[in-house]
Structure formats: C-alpha cells, structure tokens
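Down below is the structure, laid out as structure tokens.
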C-alpha cells in the first residue's frame with residue numbers, strides 16, 4: 001500500500017517568495033490498483049511522481065510504502081523496496097545492449113535468451129530483433145519506451161510509476177503500450193501509477209486522481225471521475241492531450 005500524508009514541495013520563487021508546487025497532498029493507493037493521475041499542465045503531477053520515486057525531496061509530509069517510511073530514502077533504497085519509475089523521455093545508453101540492460105534490471109549477471117524474449121514479447125518486441133541492439137539513438141521513441149517498460153518488468157517492481165508514457169510514440173506503439181498496461185493489471189502483479197492526459201489510458205484505470213494547483217482536486221473510482229473529465233472536455237475546459245497517439 002502507498003500512503004502519502006500532507007506532502008508539500010516548495011521552491012523559491014521571484015523576490016525570494018516560496019512557491020508551492022505540492023500543497024498538502026494526501027493519497028492512499030491500495031495494492032495492485034491501476035491509478036491514473038491527470039490534470040492541467042503545471043499542476044504538480046510529475047513532481048508528485050518524482051517525490052514518490054525520490055527524484056525530488058519533499059519539504060514536508062511523509063511517504064510510506066508497504067508500511068515503511070521512505071520519505072528520506074534515496075532512489076536506490078526505494079528501488080530495492082520495489083519502486084520503479086518510467087521517464088517521459090527514457091535515457092539512452094550508447095554501447096549498452098538491450099540484453100545487458102535487462103540483465104541489470106533483473107539483478108543477474110547474464111540473462112538467458114528465453115528470459116529476454118519473455119520480457120520483450122510482453123511489450124510487443126521480437127527478441128531476436130532487439131536483444132542485441134544498443135540502447136542508443138537508433139531506437140525510435142516507441143521502441144525506447146517499450147524497452148524501458150521491459151526493464152521495469154524484469155525488476156519485478158511492486159510499484160510501477162510512469163510519467164506520460166504516451167509522449168513521443170506512434171499510434172502502433174501506443175496501442176501496444178495500452179495492451180501492456182492491461183496485461184500487467186490483469187495479472188495483479190503490481191500497483192500502477194500512471195500520469196497521463198490520454199483518454200484511452202485514463203479509461204483503463206481503477207481510480208483517477210485529478211491534481212490542480214498542487215492539490216488533489218478530485219479522487220475516486222473511474223466510473224465517478226471519468227464522466228466529469230469528459231464533461232469538462234465538452235464544455236471547453238479540456239486538459240486532455242490531443243496528438244498523434246490518438
């Protein structure tokens with residue numbers, strides 16, 4: 001279970017005044033739930049996700065994962081507890097093969113071809129075409145994104161956080177992405193926390209969290225919150241992303 005209580009994150013703004021990026025955010029997510037965090041740009045969604053992973057250090061409040069207070073832990077300590085983060089733009093590693101990256105994620109010195117094939121197949125990539133490719137600029141945005149998800153699967157993470165996974169990928173890759181999320185959730189093998197503006201990803205969620213001005217504006221089951229989002233879209237107050245992935 002993920003428990004966030006009174007989380008704040010403040011930075012120094014103009015004239016030395018403090019600017020609140022997160023303002024008293026409290027949120028509880030039960031195990032194996034699929035939660036989408038959405039809301040207007042600049043509302044604090046990515047900052048919240050980074051605070052959970054330890055990429056930013058909150059100025060107040062607490063974060064507990066499965067009963068352990070991780071607020072002051074670094075990224076490595078959180079990763080060892082089963083927390084993983086998928087970046088909006090995954091890093092690339094020239095000279096590092098996909099096989100090596102998956103082995104590092106799995107915590108083994110060498111990954112068998114069969115094991116690599118299983119992880120890559122789950123994200124819609126053919127192992128024989130990708131297992132020995134370098135994780136470099138030759139990969140498309142969609143390929144890079146799916147390889148990153150494969151590494152998170154290889155880590156067997158219990159909490160998977162994804163920051164706008166639809167960014168920069170083509171229509172086919174987006175379709176594979178949604179299928180991968182559905183399969184992970186169907187297996188009930190992890191808690192999924194996904195930041196997204198995409199209607200098709202939001203529609204996969206068990207729960208929706210709407211963040212605006214650094215606060216949780218709404219939180220509830222998809223059946224309750226999603227119609228409100230669609231209503232806002234029709235009335236001209238849309239914050240859903242329109243793009244090629246749709």
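As a test, work out the antiparallel percent of DSSP beta bridges whose residues both lie in the chain, rounded to the nearest 5.
So the antiparallel bridges in the chain amount to around 60 percent.
Dividing the convex hull volume of the Cα atoms of the chain by its residue count, what figure in Å³ per residue is obtained?
Roughly 134 Å³ of hull volume per residue.
Out of 129, 170, 24, any idea which swings most in a Gaussian network model of the chain, alpha carbons joined below 10 Å?
129
Cut-off is 10 Å between beta-carbons; in what order do 71, 191 appear when sorted fewest neighbours first?
71, 191
How far, in degrees from 0 to 90, does helix 171-187 lean away from the longest principal axis of the Cα atoms of the chain, to the nearest 10?
Value to nearest ten degrees: 80.
Using the alpha-carbon centroid of each, what span in Å lies between segment 120-183 and segment 1-70?
A separation of 26 Å, based on Cα centres.
Who wins for biggest fluctuation among 162, 93, 174 in a Gaussian network model of the chain, springs between alpha carbons below 10 Å?
Judging by the Gaussian network model, the answer is 93.
Using the alpha-carbon atoms, what tilt in degrees (0 to 90, nearest 10) does helix 141-154 show relative to the longest principal axis of the chain?
Helix 141-154 and the main axis of the chain meet at about 90 degrees.
Give me 231, 173, 26 ranked fewest to most by other Cβ atoms within 10 Å of their Cβ, as a rough exposure proxy.
Listed from fewest to most nearby Cβ atoms, that is 231, 26, 173.
Computed from the coordinates by the stated procedures, all read-outs in this text should not be read as laboratory data. Keep in mind the model is a prediction, meaning the values are calculated, not measured. No Cβ is skipped: glycine too gets one built from the backbone with ideal geometry, and neighbour counts run over all protein chains shown.
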